[in-house]
Each structure stands twice: as structure tokens, then as C-alpha cells.
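The structure appears right after this line, and notes come after that.
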Amino acid sequence: MWDNFWSRSWTVLTENSSFLWDALQNTLIITFAGFALGLVIGTILAIINANPSKGIFSRIAKGFAWTYILILRGTPIVVQMLILFFVFLGPQGVEALNVAILAFGLNSGARSAEILRGAIGSIDKGQLEAGRALGFSNFRTMQKVVLPQAYKNAIPALGNEIIALLLATSVVGFITVIDITRGMQLIVARTFDVLVPYMLLAFIYLVLVYILTLVLKFFEKVVFKHGK
Amino acid sequence: MENNVIEVKNLVKKFGKLTVLDDVCIDVKKGEVIAIIGSSGSGKSTLIRCMNGLETSTSGDVLFNGELLTKGNINKKRQKIGFVFQSFNLFPNMNVLKNVTVAPKTHGKFQFPFTQKWKKAKQELNEKALEMLEKFGLGDKAKENPNNLSGGQKQRVAIVRALMSDPEIMLFDEPTSALDPEMVKEVLDAIKSLADKGMTMVIVTHEMKFAKSVADKIIYIDKGKIIESGTPEQIFNNPQCERLKEFLSKILD
Ligand SMILES: Nc1ncnc2c1ncn2[C@@H]1O[C@H](COP(=O)(O)OP(=O)(O)OP(=O)(O)O)[C@@H](O)[C@H]1O
Ligand SMILES: [Mg+2]
């Protein structure tokens, strides 16, 4: 079974290079676009949750945010994706790749919201008061003072989120997207060789995560170099 | 009264069942410097924070230039009420120059970025800020991150930040309490220079000598009530009530 493992690996890679390259791109697109969308959603939810106002709009918005986070964190991403694709968007003709991005964005948004909520909570209350004392609205204070500091504090956790997201995208094959996992599955089906494609697949994820970790480390270093 | 910058009328503040301020009345006249003294927990911070709406009163009013402070107008009014915190609260995500210009820049007339007008407005603001920083001995710190400054420098930056919006009154909550002893003087001198220019000010302080030299009026507050108020002369040389006498004897030696 392990005979000629390296040469067989090389053959699989070279013979399917353009196919695998497209699949890899899909994996990366869903990861990064999903993360970006999630960050936007997470920021909005975190701002809603951090608003000290007890007004009716604020309460309704908080109720919405709470429900959103409960549902999105309380059900598997695969199930969310299946429902989104097969029940809602697929029948409307929305492309599977876009549905995958949306599903992972919505899902990541709930986790990013929690990460940012924690980061905002760790900012000294005096910062908010100083902003308000200068005449900034609550929103302006968030935008100018609290969020920039919160994002910075949240960088390590958000980095973990990207990595978790990358690995989680391996299920998009369920809705017909050909990512790197689905791609290797198709090669297995074609060649009846189970070992090589799946080992390669694991190795590719490992390399991607390793590269991401290095990039994030570098990014943290640059960002945290200034001040404290 | 037309001459009053801030009027505090029958202010009551409760935290739950605890009454922290009990029927407090204060008029701050234009150009007047008021020092608030009293022991720890007497409600001084709560009182001065009510003056710019950082705390909302349980009952009673705070008026700024004769107008009631309300939720609707507070952001506008605060631009003219400078507030300096005990713990500085500078923004570590901006350098010193950005710290002191962020408020006037945000509150100023909107200009489309990178237009001539935008550049001009920005330049004027930066020049004003640099001039002001220079005046407070911080000319070489403009590009510094606030985390890299000493406590005294931080507090002077905080004062400049408040001054950049051309406030009509400055409120200080124990501006020197978080400072190492050798840095107290530089901050007190900065505040004194404002008093000399006729700035209206309310200062919560434990620095009795400073209060004596800079204030026109001293208010002694205990357990949320104004117990005695008067000129520094009256308060320090001729205190009337026992509690004030006791407080002074404790704090003066
Ligand atoms: N947010 C709050 N919630 C509950 N109690 C509070 C709150 N803020 C202040 N207090 C209480 O109100 C009282 C007065 O507090 P305040 O900070 O105004 O005193 P202070 O005179 O400024 O004291 P210090 O000299 O120590 O700064 C204290 O008993 C304090 O515990
Ligand atoms: Mg206090």
C-alpha cells in the first residue's frame, strides 16, 4: 500500500495540478472572504452589545444579536450551510461558492462577535468616559477609541478564528463546491487510490495552517511593536 | 444668572439605596476658580462628574450657560466643558498630537478628505495643537505614544486635549492624585497658568496649599452635603464647623 509513496504523490500533484489549484483557491476564498464578512458582522453585533443605552431600539437590537449568536453558535456549520443552500439560496440560483462564503461569514460572525465583546470588555472604562467627555457620541467613541484598541487586543483570538475557519471549510463539498477536500475525494473516486490523495490533503492543510501561523506571528509583531 | 457658567441645583444622586449627593447647590461664575475638598468617599468625584453628565442625577438639575443638560444636548455641551481625569485616560491608539486633535477634528465642519480645504483645516488644527503643546512644555512629544510619557506629561497632554476645543470651563477630578510626588508641581503649575488667564474652573483636590493659592472659593463636602464654603481665607483660617476643622487638621499635617 505504501509502495512508491513519494513518486505516487508527485504524480497525483502534477497530473491534477490545475484542478487542485482551482480547488485550493476555493478553499482560500471561502476562508478569507468568510472571515472578512464575519468580522463585519461581528463588529456590528459587538457594537450593539456594548451600547449602554437602555432604550427600546437598543433592547430590540440586543435581543436580535443574542438570538443570532445563540442560533449560529448552537447549530453545526454544516447544517447551516445545507439549509442555506438547499432550502433558501440554491433554488434561487445563487452559486454554491457564494453560499459557502455567506454561510461561513454568518457563522464566523457569531464567534467574532464574542471575541470582540471580550476585547471591548477588557478596555478600561476610563477610555469610554474620556471619549464621552470630549463630546463624542457613544458610536463615535466606539469608532475612534474603543474599537481600534479592541481589534488590536483581539488579534491573537481572531488569528485562531481564521485557522479554525480554514479547517472548517473542508465541508463545503456538501453543497457541491469543489474545495481542496472535495477535490481530493474526486481524485480518490477516479483512481481508487485512497492513501495518497488523503495523505496529501492532510499535508496541504498542515502547510496552509503553518504559513498562516507565521503570517499572524509577523503581523502581531508589527502591530505590537509600538507602545505597549 | 447670566454670569454662571455652571449651576448645580438641588442635586441628589443615589447609587441604589446609598445617597452619595444630598441636595447640593453650586454656582460657578464666569472666571471663578472653585476647589472642592473633602475626605475620601464624600462624593466629590460624583459631584464633578454630574457637572458634565458622566453621572446623571437622581433629582435636581445641572445647567450650563443657563441651559439644562439633557441627553439630547449633552454631546454638544461637553465640547465646551473640559474634563481632566485622575487617571489621564489618554488614548493609547493615537500619538500625542492625534490625542489632542481628535475631538476638534471630529466635531469640526466636515471636509472631503484630500481636498485643499481639508488640508488647510488639518494644518491649522495641527499648528494650534503644536503651539498649545509647546506652551505646556510638550513641544517635543507630539509624535510620541502616550504610553511612553511620564505621569506628569500624560496629565499635561490630557489638559491640552481638553483645551483644544476651547472650553468655557475646565473640570478637574484630582488631577495630581495618580502622580509621583515629584511630578505634582508641573501639573499644578499648568493648572495655575490657566487660572491666571481667567479660565473658569472646578477642581477636586487634596492639595490644600494649591487650593489655597489658586481658588477664589473653596467648598467642603462631607457625606454628600456641602458643609461649608467660602474664600480660602475663611475656610483655612477660620473654619466654622467641627468636621471641617477635624478634616483640615488631619490633612494639613
Ligand atoms: N458607580 C457607582 N456605583 C455605586 N456606588 C458608587 C459609584 N460611584 C461611587 N460610588 C460610591 O459613592 C460614594 C462617593 O464616591 P465618590 O467617588 O464620589 O467619592 P470621592 O469623594 O470622589 O472619593 P475619593 O476622594 O476617594 O475619590 C462612595 O461611597 C462610592 O463607593
Ligand atoms: Mg474621587
What residue, of B:Lys14, B:Lys29, is surrounded by fewer than 21 Cβ atoms within 10 Å (Cβ to Cβ), farther than 12 Å from B:Val202 by Cβ and touching a residue at least 24 places away in the same chain (Cβ under 8 Å)? B:Lys14
Could you check the range B:1-46 and list, in sequence order, the residues that are in contact with a strand residue (DSSP E or B) (Cβ under 6 Å, 6 or more places away or on another chain) and within 9 Å of ligand 1 (Cβ to nearest atom)? B:Lys13, B:Val20, B:Leu21, B:Ile36, B:Gly38, B:Ser42, B:Gly43, B:Lys44, B:Ser45, B:Thr46
Can we say A:Asn160 is surrounded by 22 or more Cβ atoms within 10 Å (Cβ to Cβ), more than 14 Å from every other protein chain (Cβ to nearest Cβ) and of a type in the set (S, T, N, Q)? no
Say whether the condition of being away from ligand 1 (no atom under 15 Å from the Cβ), open to solvent by less than 10 Å² (accessible area, probe 1.4 Å) and either in contact (Cβ under 8 Å) with a residue 40 or more places away in the chain or under 24 Å from A:Ser53 (Cβ atoms) (or both) is met by at least one residue in the range B:65-83. yes
Meets criteria (in contact with an Asp or Glu (Cβ under 7 Å, 6 or more places away or on another chain), more than 14 Å from chain A (Cβ to nearest Cβ) and either within 16 Å of ligand 2 (Cβ to nearest atom) or outside any strand (DSSP E or B) (or both)) for B:Ser42: yes
Kindly establish whether A:Ile29 is touching a residue at least 12 places away in the same chain (Cβ under 8 Å) and either within 21 Å of A:Arg182 (Cβ to Cβ) or of a type in the set (Lys, Arg) (or both). yes
When you scan the range A:136-157, how many residues do you find that are among the aromatic types (Phe, Trp, Tyr) and surrounded by fewer than 21 Cβ atoms within 10 Å (Cβ to Cβ)? 2
Within the range A:14-36, how many residues turn out to be open to solvent by less than 60 Å² (accessible area, probe 1.4 Å), of a type outside the set (Gly, Ala, Ser) and in a helix (DSSP H, G or I)? 8
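Could you grab me the full set of residues in the range B:176-193 that are touching a Leu at 6+ places or on another chain (Cβ under 8 Å) and within 16 Å of ligand 1 (Cβ to nearest atom)?
Selection gives B:Thr176 alone.
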Could we say that B:Asp61 is free of Cβ contacts under 8 Å to residues at least 60 places away in the same chain, farther than 22 Å from B:Thr106 by Cα and either within 11 Å of ligand 1 (Cβ to nearest atom) or not in a helix (DSSP H, G or I) (or both) here? yes
When the range B:169-192 is checked residue by residue, the ones that are open to solvent by 40 Å² or more (accessible area, probe 1.4 Å) and more than 13 Å from chain A (Cβ to nearest Cβ) are B:Ser177, B:Asp180, B:Pro181, B:Glu182, B:Lys185, B:Glu186, B:Asp189, B:Lys192
Going residue by residue through the range A:113-135, is there one that turns out to be open to solvent by less than 10 Å² (accessible area, probe 1.4 Å) and more than 14 Å from every other protein chain (Cβ to nearest Cβ)? yes
Can you go through B:Val96, B:Val24, B:Val102 and tell me which one is more than 14 Å from the chain's Cα centre (by Cα), more than 16 Å from B:Leu171 (Cα to Cα) and away from every other protein chain (no Cβ under 14 Å)? B:Val24
Of the residues that make up the range A:214-225, is at least one within 14 Å of another protein chain (Cβ to nearest Cβ), out of contact with any Asp or Glu (no Cβ under 6 Å at 6 or more places or on another chain), surrounded by 12 or more Cβ atoms within 10 Å (Cβ to Cβ) and not in a helix (DSSP H, G or I)? no
Picking from B:Lys109, B:Lys122, the residue that is basic (Lys, Arg), modelled with pLDDT under 95 and part of a loop (DSSP other than H, G, I, E, B) would be B:Lys109
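The values are calculated or read from the model by the stated rules, or taken from the named source; none is laboratory data. Fair warning: this is a prediction, and the values are worked out from it, not measured in the lab. Here the Cβ is made from the backbone with ideal geometry for all residues, glycine too, and neighbour counts use every protein chain on show. Accessible surface is based on the protein model in full, side chains and every heavy atom, while ligands, DNA and RNA are left aside. Shrake-Rupley method; radii C 1.70, N 1.55, O 1.52, S 1.80 Å.
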